[in-house]
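Data first, discussion second: the structure below is written as structure tokens.
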């Protein structure tokens, strides 16, 4: 009976956390105008809205350069430009494409290398609203003390305000919540092991 009661309590806590996660995602948009930053990173996904929002931020002068991380290796620069509705002036001078990342962990590593290369200390992060909590955790772990400003956007992938009304949305948000919990637990464990400091990988060539 005690084991059953414990499982029931855990299930209730998990369900309450899922609901709170959904509320947090829904409340994150529309995002406030971000501060001036060194760079912008857009994490690719099923929707091109992320790319459009990131390019618009560059066009309005919110940062020096934009990294689009996780681009399909079969895509050309012209195809990505067309999908993001970027104008030539900004696109030609200030947009970098990253083709190596295949998931959020890869996005974080790709972004960290790009930020180190340019010496950036502040980044605006553009991704879907439901993906932002996990993306920020992964990016913080990889980037250390670089200042990150979330800029979540609403996409047609998940309706965060009514996710429980559609099975596909409920399933996607639930899966994202579980992934977030795993990354959160890993991040907390890393902080404990490193005396409360986030464990960011050392730059290439740095001593271990």
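The values are calculated or read from the model by the stated rules, or taken from the named source; none is laboratory data. Note that the structure is predicted; figures quoted are calculated from it, not measured. Glycine also receives a Cβ, built like all others from the backbone with ideal geometry; neighbour counts cover every protein chain displayed.
Below, the figures for the structure above:
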{"read-out": "Matching entry among 104, 149 (being at pLDDT 95 or above, within 21 Å of residue 57 (Cα to Cα) and surrounded by 16 or more Cβ atoms within 10 Å (Cβ to Cβ))", "value": "149"}
{"read-out": "Tally of residues being touching a helix residue (DSSP H, G or I) at 6+ places or on another chain (Cβ under 6 Å) and modelled with pLDDT under 90 across region 84-97", "value": "5"}
{"read-out": "The lone exception for residue 35 - which of (1) over 21 Å from residue 161 (Cα atoms); (2) free of Cβ contacts under 8 Å to residues at least 60 places away in the same chain it fails", "value": "(2)"}
{"read-out": "Residue match in region 136-151 (condition: touching a helix residue (DSSP H, G or I) at 6+ places or on another chain (Cβ under 9 Å), in contact (Cβ under 8 Å) with a residue 60 or more places away in the chain and over 18 Å from residue 35 (Cβ atoms))", "value": "no"}
{"read-out": "Output for region 118-139, where each listed residue is within 10 Å of the chain's Cα centre (by Cα) and in a helix (DSSP H, G or I)", "value": "132, 133, 134, 135, 136, 137, 138, 139"}
{"read-out": "Filter result (in contact with a helix residue (DSSP H, G or I) (Cβ under 6 Å, 6 or more places away or on another chain) and either assigned to a helix (DSSP H, G or I) or farther than 22 Å from residue 106 by Cα (or both)) within region 60-81", "value": "81"}
{"read-out": "Selection count where residues are in a helix (DSSP H, G or I), within 21 Å of the chain's Cα centre (by Cα) and more than 22 Å from residue 37 (Cα to Cα), scope region 82-105", "value": "2"}
{"read-out": "Pairs with Cβ under 8 Å, 6+ apart, first in region 166-179 and under 22 Å from residue 137 (Cα atoms), second at pLDDT 95 or above and surrounded by fewer than 16 Cβ atoms within 10 Å (Cβ to Cβ)", "value": "177/17"}
{"read-out": "Residue in region 168-180 that is under 16 Å from the mean Cα position of the chain (by Cα), in a strand (DSSP E or B) and modelled with pLDDT of 95 or more present", "value": "no"}
{"read-out": "Unique match (being exposed (fewer than 11 other Cβ atoms within 10 Å of the Cβ) and in a helix (DSSP H, G or I)) among 10, 51, 18, 57", "value": "10"}
